[in-house]
Amino acid sequence: EINQNKSPNWNKKTHIMTEMLCIEEENPGFWRSEAQKSLQSVLDRKLNSNIAKNILFFLGDGMGITTYTAARILKGQLQNQTGEETVMTMDTFPSVGLVKTYSVDFQIPDSAATATAYLCGVKTNLNTIGVSAAARNGVCKTQKGNEVTSILKWAKDAGKSVGIVTTTRVQHATPAATYAHSASRKWYSDADMPDAAKNEGCTDIAAQLLKNIDIDVIIGGGRKYMTPKGTKDPEYPRDFFSRGKRKDGRNLIDEWKIMKTGKVAHYVWNKTDFDAVNPETTDYLMALFEPGDLRFEAERDPSMDPSIVETTEKAIRILQKNPKGFFLLVEGGRIDQAHHAGRAYMALHETVAFDYAIAKGLELTKEHETLTIVMADHSHTVTFNGYPFRGQSILGKSPLWATDLMPYTTLMYGNGPGHKITNGKRPDISDVNTKTKDYIQLSAVPTESATHSGEDVAVLARGPMAHLFQGVQEQNYIAHAMAYAACVGADLRHCQGKTKTSVDHTGFTENANVAGRPCGSVALLSSLLSVLLALTILM
């Protein structure tokens, strides 16, 4: 099928690499041995039915199966391996299921509807946060009486410490669903709200961050939604677009500090101050490193902004002091935003960084008492295609020609800003370096921003009651399963007859086969207005 002689991307170097790859893999005994190791690992696994003292919830925004697979290959290739056989931290989670992501009104969801589902346990409509599907997109008066609470609140009400860590603004859809109730995900500050909504008594998301739940750790971006209009940003004082946006004159950062009087509470906006925060003596932390979303990992200034690994570690070390445990949401939020821009390089590097944060989370917690979940909220239209050779760069080109006798990249998009047709022909990328961070993959259909896609996504789990996260489930099931495992919320059956001292913390294993390989190391429409608004979502 692969005509090596006619391919412009086939060369001697590629051929030599292919020939040298893993001679042992030509031996059937190698694959049989590997399979037996994996089989025995599964056979030796015993269910962990403990009560989950802690819940560590990692959400890769937009991290569909294609992104997951491609990031695995990139992670290995960044370590000078072929990549395909690389074991991601996520790969070591023994319990795996699929989640259906549709919202009540759309086949393909946004991050607000999905976050409400997996955090609040209730499916809802596109663009809405922390409300049921009885609420209408952008209509304030339909919000009242239809609010739903999240597992973060259930955990806080149970006496646990709670936190959110994100690479986006802390008012963005995913983190907002932990604490806010809003008929529109776009109401970041009062300046983003229509007068009618304010007159009807609705509150912006940033204000709800302080009002609704006493959150112990808040880490991400979003400074400009917290300060009065025109307030100069401490990092970018000359940038007009980075200045405060609030029309009500409130400085929510100062208000937060006042609210924490008598506690050891730190507000920081740069890495130097962040590093100086001692988690052992800190009760509360608010760290906002950018006016809006954080920088992509590939463009992050390590002297100014910590990595997602560092923010995850700081959050866990602060929260785990609570003897009753904690709930922490960690969002790799810019995976999604890179995909929207058609930039696979950025999306995959964000995913690799996210996987390292998961590893740090496992390192800092104990599996017998910590339920760790990894999942995506939805997928994207990125495709993995073209018969690339083993070990070929995941960001490179297929060794095949298309019928127009021009090359194409291994990763492409179904739609997005990469659509480029001139005089009925697509561009010739023979001499284009497709492996750079700024390259935008070609797409089949022109859209300003690549859309989400609607296939199921993976949920992976390890720790207490991880076996609940198997099979094909509705997305709202996730919140209820986590709550059951941790004995928070309304369903406390798992706690009956158990105490922390009576639970056996030994005698089980829940580790997948992680041995290193010899070859290197997934309401119907309420009105036409809802549809029109959905088409202009900034996700």
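The values are calculated or read from the model by the stated rules, or taken from the named source; none is laboratory data. Given the structure is predicted, the values throughout are model-derived calculations rather than measurements. Here the Cβ positions follow ideal geometry from the backbone for every residue, glycine too, while neighbour counts run over all protein chains shown. With ligands, DNA and RNA removed, areas are computed over all heavy atoms of the protein, side chains included. Shrake-Rupley method; radii C 1.70, N 1.55, O 1.52, S 1.80 Å.
The table below lists the values:
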{"read-out": "Every residue from region 334-374 that is within 16 Å of the chain's Cα centre (by Cα) and not in a helix (DSSP H, G or I)", "value": "T372, I373, V374"}
{"read-out": "Pair list, Cβ < 7 Å and 6+ apart or interchain, from region 89-100 residues that are in a helix (DSSP H, G or I) to residues that are of a type in the set (A, V, I, L, M) and open to solvent by 40 Å² or more (accessible area, probe 1.4 Å)", "value": "T92/V514"}
{"read-out": "Residue in region 448-464 that is of a type outside the set (D, E, K, R), more than 20 Å from G64 (Cβ to Cβ) and surrounded by 18 or more Cβ atoms within 10 Å (Cβ to Cβ) present", "value": "yes"}
{"read-out": "Answer from P237, P228, P175 - the residue that is surrounded by fewer than 20 Cβ atoms within 10 Å (Cβ to Cβ), at negative phi and in contact with a Gly (Cβ under 7 Å, 6 or more places away or on another chain)", "value": "P228"}
{"read-out": "Of residues in region 44-72 being assigned to a helix (DSSP H, G or I) and open to solvent by 10 Å² or more (accessible area, probe 1.4 Å), the one farthest from G396 (Cα to Cα)", "value": "I65"}
{"read-out": "In region 240-252, the residues that are surrounded by 18 or more Cβ atoms within 10 Å (Cβ to Cβ) and not in a loop (DSSP other than H, G, I, E, B)", "value": "S242, R246, L252"}
{"read-out": "Some residue of region 264-272 being at pLDDT 95 or above, open to solvent by 40 Å² or more (accessible area, probe 1.4 Å) and small (G, A, S)", "value": "no"}
{"read-out": "Hits in region 356-389 - residues which are open to solvent by less than 20 Å² (accessible area, probe 1.4 Å) and among the β-branched types (V, I, T)", "value": "I358, T370, T372, I373, V374, V382"}
{"read-out": "Residue satisfying condition, being within 25 Å of the chain's Cα centre (by Cα) and hydroxyl-bearing (S, T, Y), within set T231, T261, T281, T311", "value": "T311"}
{"read-out": "Filter result for the condition that a residue is among the polar types (S, T, N, Q), open to solvent by less than 30 Å² (accessible area, probe 1.4 Å) and over 15 Å from the mean Cα position of the chain (by Cα), over T124, T149", "value": "T124"}
{"read-out": "Matching entry among N137, N127 (being at pLDDT 95 or above, of a type in the set (S, T, N, Q) and either under 20 Å from G222 (Cβ atoms) or touching a Lys or Arg at 6+ places or on another chain (Cβ under 6 Å) (or both))", "value": "N127"}
{"read-out": "Qualifying residues in region 351-401 (those that are touching a Gly at 6+ places or on another chain (Cβ under 6 Å) and of a type outside the set (S, T, Y)) - the one nearest to I55 (Cα to Cα)", "value": "L371"}
{"read-out": "Checklist (1) open to solvent by less than 30 Å² (accessible area, probe 1.4 Å); (2) within 32 Å of the chain's Cα centre (by Cα); (3) more than 30 Å from I373 (Cα to Cα) applied to Q392, failing item", "value": "(1)"}
{"read-out": "Residue match in region 178-193 (condition: surrounded by fewer than 23 Cβ atoms within 10 Å (Cβ to Cβ), farther than 24 Å from S111 by Cα, in the same structural domain as K156 (by the TED database) and in contact with a strand residue (DSSP E or B) (Cβ under 9 Å, 6 or more places away or on another chain))", "value": "no"}
{"read-out": "Residue match in region 197-211 (condition: among the basic types (K, R), surrounded by fewer than 22 Cβ atoms within 10 Å (Cβ to Cβ), within 26 Å of the chain's Cα centre (by Cα) and in a loop (DSSP other than H, G, I, E, B))", "value": "no"}
{"read-out": "Only listed residue being assigned to a helix (DSSP H, G or I), assigned by the TED database to the domain that holds V488 and β-branched (V, I, T), chosen from T86, T116, T82, T167", "value": "T116"}
